[in-house]
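Trainee: Just passing along the structure, written as structure tokens.
The values are calculated or read from the model by the stated rules, or taken from the named source; none is laboratory data. Just so we're clear, the structure is a prediction, and the values are computed from it rather than from any experiment. All Cβ positions, even for glycine, are placed from backbone atoms using ideal geometry, and neighbour counts span all protein chains on display. Just the protein is used for accessible areas: all its heavy atoms, side chains included, with ligands, DNA and RNA removed. Shrake-Rupley method; radii C 1.70, N 1.55, O 1.52, S 1.80 Å.
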Amino acid sequence: LKTGSLGSSVNMPIASGNLFLGTFNVGNALTNALKATQFGLQYENVPTYLRGWYKYRSGDTFYELDKTAKDKLKPIPGRKDVFNIYAVFYENTDDNRLLDGTNVLAEDNEQIVSTAVIDNARETDEWTEFYLPFIYRPGKSIDPVKLASGGYNLTIVFASSLRGDYFEGAPGSTLLVDEVELGYE
């Protein structure tokens, strides 16, 4: 959605619809939006897959952030929005209990154990099944003692705009999900 004059005044002219496991820190929302979304809840099982069904329709006009424009939006003709579905299983540490928008999918994040990420997102009016196996990062494994003591977190994220966290996307993009199932050991 477009966020109106308040959002534009702080260089956040659009917001992606999303659903996620975690919290939203309103205190950081206007000063550091990527840090405001804090992903994850303690999880004491080993996730193996994320499965469900989706429908997706992209909004009409894709925009990028343009801090020089009055409404802070730059239309990008011919570009279509796309959604994202992913899950991240990670170690929570004393230094960093929760991941945020700056590091939730970062390739260099040593806390991440495994991820399940959609790689064939497409627009469709028909219910379409997704099946996303958790893929371990190189060299990562599960410590059973740490698992039993609550040392791991899990987040699952559904977003109507892949780059919504960077205030890019097409207002009106709509992602519907149903019958979501998390497999685990």
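Trainee: Scan the stretch 125-156 for residues that are of a type in the set (A, V, I, L, M, F, W, C), over 13 Å from V46 (Cβ atoms) and either open to solvent by less than 60 Å² (accessible area, probe 1.4 Å) or not in a strand (DSSP E or B) (or both) and jot them down.
Mentor: Scanning the stretch 125-156 gives F130, L132, V145, I156.
Trainee: Moving to a separate point now. Outside any strand (DSSP E or B), among the polar types (S, T, N, Q) and surrounded by fewer than 17 Cβ atoms within 10 Å (Cβ to Cβ): which single residue out of N103, N96 fits that description?
Mentor: N96
Trainee: In the stretch 159-172, what count of residues is obtained for those that are outside any helix (DSSP H, G or I) and either in contact with a Cys (Cβ under 9 Å, 6 or more places away or on another chain) or open to solvent by less than 20 Å² (accessible area, probe 1.4 Å) (or both)?
Mentor: Initial filter on the stretch 159-172 (outside any helix (DSSP H, G or I)): 159-163, 167-172.
Among the residues that remain, those that are also either in contact with a Cys (Cβ under 9 Å, 6 or more places away or on another chain) or open to solvent by less than 20 Å² (accessible area, probe 1.4 Å) (or both) are: 159-161, 169-170.
Selection size over the stretch 159-172: 5.
Trainee: Only one of these conditions is not met by M12: (1) at pLDDT below 95; (2) in contact with a Phe, Trp or Tyr (Cβ under 6 Å, 6 or more places away or on another chain); (3) assigned to a strand (DSSP E or B). Which number is it?
Mentor: (3)
Trainee: Name, by its number, the condition in (1) of a type in the set (D, E, K, R); (2) farther than 30 Å from D66 by Cβ; (3) open to solvent by 70 Å² or more (accessible area, probe 1.4 Å) that does not hold for R122.
Mentor: It is condition (2) that R122 fails.
Trainee: Quick one: count up the residues across the stretch 11-37 that are surrounded by 15 or more Cβ atoms within 10 Å (Cβ to Cβ) and of a type in the set (V, I, T).
Mentor: Qualifying residue count for the region: 2.
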